[in-house]
Amino acid sequence: MLRDRHVLIAFSRQPSVADFMKGILEEAGYAAIASWSTLDDLERAVSDHCPAAVLYEVGFPLADEWERFCEARRRPTLAHLPFVLATPAQPDLYQRVGISEALDVFTRPTKHQVEAALEAAFDARRRISDAA
């Protein structure tokens, strides 16, 4: 299973948020590392650790952070990975910038919510791969 063989990366531009999200993943039973700062730093972490997925925080300002996330998805090093979006924003706010679903990390998601978000990310990545 995913917990036994793979690491997950928790990424935020803020170190404290990346560490917080890493804790959420570990509490759900996953091996995780925190990565923060720039997309270049995230790419290095992905190259070094070959994660199964990335928990990616889209913080404030939402529109700018959403654009940065879209840039991340276009980078060849990151394009193949499943991403789980995390945000502190309320659904009505993040849906306005085009985010359909996100894990609300600041309410301490349950193990079940983390697992469901990861499964949805893997399913989405499989559908994209199958369509290609």
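Around SER47, what is the net charge, scoring Lys/Arg as +1 and Asp/Glu as -1 over all other residues with Cβ under 12 Å from its Cβ?
-2
May I ask you to order 91-99, 70-78 by the average number of other C-beta atoms within 10 Å around their residues, highest value first?
Ranking the peptides 91-99, 70-78 by packing returns 91-99, 70-78.
Counting helices only, and only those DSSP H runs with n ≥ 4, report the 222 nm mean residue ellipticity of the chain as the sum of -39,500 (n - 2.57) divided by its residues, in deg cm²/dmol to the nearest 500.
When only DSSP H runs of four or more count, the value is -15500 deg cm²/dmol.
What is the gain in length, in nm to one decimal, between ARG126 and SER47 on full extension, counting 0.36 nm per residue of separation less the C-alpha to C-alpha distance?
Answer, rounded to one decimal: 26.3 nm.
Taking the chain on its own, what percent of its Cα-Cα pair distances exceed 25 Å?
Of all Cα-Cα pairs in the chain, 16 percent lie more than 25 Å apart.
Starting from the Cα-Cα distance between LYS111 and ARG74, subtract it from 0.36 nm times their residue separation and give me the gain in nm to one decimal.
10.4 nm
Computed from the coordinates by the stated procedures, all read-outs in this text should not be read as laboratory data. A quick note: this is a predicted structure, and the numbers were derived from the prediction, not measured. Cβ: placed from backbone, ideal geometry, glycine included. Neighbour counts: every protein chain shown.
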